[in-house]
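Everything on this sheet refers to the single structure shown next.
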Amino acid sequence: MARQLEQFPNLVTMFLTRAREKGDAPFLWAKREGEWRPISWSDTARQVGAFADSLKRIGVEPGDRVMLVSENRPEWLIADLGIMAAGAVTVPAYTTNTTRDHTHILGNSGAKAAIVSTQKLARNLIPAVLFSSECHHIIGIEDLRTGQAPGTVDFHHWDELVSGDADLLALENDMQTVKRSDLACIIYTSGTGGAPRGVMQHHGSILANIEGAADVISTDFGWDDEIFLSFLPASHAYEHTGGQHFPVGLGAQIYYAESLEKLAANIEEVRPTIMVVVPRLFEMLRARILKTIESSGSLSNYLLRRALSIGAKRYEGRSNPLDLPMDGILSLTLRKKVKARFGGRIKAMVSGGAPLNPEVGLFFQSLGLTFLQGYGQTEAGPVISCNRPAAGIRMDSVGPPVKGCEVRIAEDGEIMVRGELVMHGYWNNPDETKRVLGEDGWLATGDVGHLDEKGRIVITDRKKDLIVNDKGDNISPQRVEGMLTLQPEIAQAMVYGDRRPYLIALLVPEAEFARKADLQQILSKAVDRVNGDTSVIERVRRFIIADEPFTTDNEQLTPSLKIRRHVIKKVYGERLDALYH
C-alpha cells in the first residue's frame, strides 16, 4: 500500500508520533539468551522520556553535546533520541576509535557527557574523558569496572537513567519549540587533512533524507509493515539516517544483527523487507553463492549461467521472448532459493557508502533481487540520490536526486548539491565550512560526474583526495602516509585501498636501510609501530617496496613534491592489487 510521509518539525516529534500510533506493537529487537526479544514502541518512548529527564537532572542543558560510543543495539537509538529529547546534541563515535580519536572528538565537540556500552569500549574512552576539560559524566549501558573513580568524572548506570515513568505529553509539548533548522547531531568524518571534522546535521537535514527515501519506497514499492535489519555502524551517517531514523519514519521494526559473522543467519531468521547495505557485503555474499552453486552440480551451474545471461539481456534492453520459459523456470528454482537466503520477502536492498561494482549489482538483479545503488555524503544527511525502478536502474549510475535535493554540475565537472539536506557547516571550523559550502549554499561534493539523459547522476572520478573503503569509511591517505614517513626507516609512502577491505602501502625505504638483507622485516616493524597508533580502518595490513624513489624526474612527484597517485598507480597497480589475493 503506497503511503506518503508527513512532514515533522524534528526527529523526536516524528518518533513520539509513531510511538503513539503503534502503542504496544514491537519496535526494537535484539537477541538475548538465544532468542529475539522486542521492546515495544510504548516502552521505547517511556525510556526515551526517562533518559531525557535523567540527562537534565545530571546537568545536561539544551545545546550541550553528548558523545555516544556503542555497537548497534536498541540502547543506541534510545540514547540518540533521549539526547535530542533533552534538547542536547548527539555526537556518535566509532567503536573502532582509539583513545587519541576520542580525545580529538571530545575536545573539538566540547561534549559534557559520554555514553559507552561495554567495558571493552570504555578502555579507549575513559582515558580520553580524563584528558577532557568539559566531559564530567560517563554513562555505562553495561556495568563498567572502574576501580577508583576520578573526582572530576561522575559514573552513571544506564538502567537507573531509563527507569521510571516519563511525562510524554509534556515532552511532546516541549518538542514543539525544536525546529527543523536546529542542530540534531555532530557526525565526525575524515577530511583530506586528517583530523576528523564535525558535520553539523540539523533535524531538517535528516528529515529531508527520510522524506526523500520514503518517496522512493512509496513510489516504487509501497510501504506498510517494514522490517529492517541493522548491522552497519550506527555512528555512520548512512546507517544513522537510513537504518535508524528512516525506519522510525516508516513505523517499521528494527532488528539488531548479532555480528557480521552471524549476519547471513540473522537475515534468514529476521526476513527483512528493506536492507541498508554496503557493496562489500554483496561481494562477500556473491562469492559465497558462487561457491555454493559451483559445488552443487552441473544443473545448478547451468541455471546460474542462464540467469546471468537473461539478466544481462534485460539490463541492456534486448530481452528475447524465447527466454520466457527459462525465465519462469529460474523464478521457481534458482531465484526462489536465493530469495530464501535473504528471508523471502525483501523488497529492496539499498547499497551506499562506497562505489558498487556494476557486475555485483547485475549479479543480484539477475537472481531476482531488487538492488538500488545510492550516493551520498555525511554533509548531505547523507542521501543525495538513489536508483529507482521507475527511472530505470543503471548499475553505472547512482540514480536521480532524491525529492527535495537539487543537483548541478560545475564547470570543472564537480557535482554540487543544494537543499534542506545540506549541513549547516563543520563544527567550529568556519574556514572549511566556507570552502565546502561557499557563499551560495551549494555543497561542493568533491566528486566529478554528469547527469545522464534521464537525470541520473553518473560519478566518473573523485576530486577530493580521500580513500573510501568497501564499508564506506572515509580515510585520509595523507594522514597515514604522514605517520609512515615519520618512521626513520621510511622515506616515502603511498597508501592504497579505495573500495577495498583494508589499506595496503607502497613504501620507499630510507637510503641507509635500502640495501640491508632484512629490509622487509625492518619495514614491517616500522609499519607495526604506525599501526599501533592508528584506528582499525587506518591500519596498513600489507605492503610492497618501490623500485625507486618518487621523484619529479619520473613524474611520480609534482613540482611541489606531492605524490602523483595516478602515475604511481599505473606503475605499481597490478602489484598492489595482487596483495588482496
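Table: residues versus (1) part of a helix (DSSP H, G or I); (2) touching a helix residue (DSSP H, G or I) at 6+ places or on another chain (Cβ under 9 Å); (3) touching a residue at least 40 places away in the same chain (Cβ under 8 Å).
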position	(1), (2), (3)
Arg18	yes, yes, yes
Leu28	no, yes, yes
Gly49	yes, yes, yes
Lys56	yes, no, no
Leu68	no, yes, yes
Glu75	yes, yes, yes
Asp80	yes, yes, yes
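A Cβ distance below 7 Å, combined with a sequence gap of six or more or placement on separate chains, defines the contacts here; from segment 324-346, residues that are closer than 24 Å to Trp223 by Cβ reach residues that are modelled with pLDDT of 90 or more and of a type in the set (Asp, Glu) in the pairs Arg341/Glu268; Gly343/Glu268.
When you scan segment 530-546, how many residues do you find that are in a loop (DSSP other than H, G, I, E, B) and either within 18 Å of Pro501 (Cα to Cα) or without any contact (Cβ under 8 Å) to a residue 12 or more places away in the chain (or both)? Can you show your working first?
We begin by selecting, within segment 530-546, every residue in a loop (DSSP other than H, G, I, E, B); these are 532-535, 539, 546.
Still in the running and either within 18 Å of Pro501 (Cα to Cα) or without any contact (Cβ under 8 Å) to a residue 12 or more places away in the chain (or both): 532, 534-535, 539.
So the count comes out to 4.
For segment 511-529, taking the residues that are exposed (fewer than 10 other Cβ atoms within 10 Å of the Cβ) and hydrophobic (A, V, I, L, M, F, W, C), the one that is farthest from Leu486 (Cα to Cα) is identified as Ala517. For Glu172, indicate whether it is in a helix (DSSP H, G or I), surrounded by fewer than 20 Cβ atoms within 10 Å (Cβ to Cβ), assigned by TED's automatic domain parsing to the domain that holds Ile105 and touching a Leu at 6+ places or on another chain (Cβ under 9 Å). Yes, satisfied.
In the list Ala111, Ala128, Ala166, which residue meets the criterion of being surrounded by 22 or more Cβ atoms within 10 Å (Cβ to Cβ), touching a helix residue (DSSP H, G or I) at 6+ places or on another chain (Cβ under 8 Å) and in a loop (DSSP other than H, G, I, E, B)?
Details: Ala128 fails: in a loop (DSSP other than H, G, I, E, B); Ala166 fails: surrounded by 22 or more Cβ atoms within 10 Å (Cβ to Cβ).
None of the other options fit; the residue is Ala111.
Note on segment 14-57: residues that are under 26 Å from Lys179 (Cβ atoms) and aliphatic (A, V, I, L, M) total 8.
Specify the residue that is farthest from the chain's Cα centre (by Cα); the eligible residues are those in segment 317-339 that are in a loop (DSSP other than H, G, I, E, B) and under 24 Å from Arg394 (Cβ atoms).
Residues of segment 317-339 that are in a loop (DSSP other than H, G, I, E, B), as a first pass: 317-320, 333.
Restricting the remaining residues to those that are under 24 Å from Arg394 (Cβ atoms) gives 317-320.
On the way: Gly317: 33, Arg318: 36, Ser319: 36, Asn320: 39 Å.
Per the stated criteria, the residue is Asn320.
Counting only residues that are polar (S, T, N, Q) and buried (at least 16 other Cβ atoms within 10 Å of the Cβ), segment 131-163 holds 1 of them.
Restricting attention to segment 30-47, the residues that are buried (at least 17 other Cβ atoms within 10 Å of the Cβ), part of a helix (DSSP H, G or I) and either polar (S, T, N, Q) or in contact (Cβ under 8 Å) with a residue 24 or more places away in the chain (or both) total 4.
If the condition is being of a type in the set (Ser, Thr, Tyr) and either at pLDDT 90 or above or assigned to a loop (DSSP other than H, G, I, E, B) (or both), then segment 470-502 contributes Ser476, Tyr496, Tyr502.
Give the number of residues within segment 346-390 that are hydroxyl-bearing (Ser, Thr, Tyr), at pLDDT 90 or above and touching a Gly at 6+ places or on another chain (Cβ under 8 Å).
So the answer is 3.
Residue-by-condition table, conditions (1) of a type in the set (A, V, I, L, M); (2) within 30 Å of Leu5 (Cβ to Cβ); (3) in contact with a strand residue (DSSP E or B) (Cβ under 6 Å, 6 or more places away or on another chain); (4) part of a strand (DSSP E or B):
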residue: Val398; (1), (2), (3), (4): yes, yes, yes, no
residue: Gly455; (1), (2), (3), (4): no, yes, no, no
residue: Val458; (1), (2), (3), (4): yes, yes, yes, yes
residue: Ile504; (1), (2), (3), (4): yes, no, yes, yes
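Would you check if Arg499 is within 25 Å of Leu356 (Cβ to Cβ) and touching a residue at least 40 places away in the same chain (Cβ under 8 Å)? Considered against the rule, which asks whether it is within 25 Å of Leu356 (Cβ to Cβ) and touching a residue at least 40 places away in the same chain (Cβ under 8 Å), Arg499 comes out as yes.
Of a type outside the set (A, V, I, L, M, F, W, C), within 13 Å of Thr445 (Cβ to Cβ) and part of a helix (DSSP H, G or I), is that true of Glu359? In short, no.
One line per residue, one yes/no per condition, for (1) buried (at least 19 other Cβ atoms within 10 Å of the Cβ); (2) closer than 29 Å to Val216 by Cα:
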residue: Lys22; (1), (2): no, yes
residue: Gly49; (1), (2): yes, no
residue: Leu68; (1), (2): yes, no
residue: Asn72; (1), (2): yes, yes
residue: Leu81; (1), (2): yes, yes
residue: Asn97; (1), (2): yes, no
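The values are calculated or read from the model by the stated rules, or taken from the named source; none is laboratory data. As the structure is a computational prediction, the values presented were derived from the model and not from experiment. Ideal geometry is used to build each Cβ from the backbone, glycine not excepted, and the neighbour counts take in all protein chains shown.
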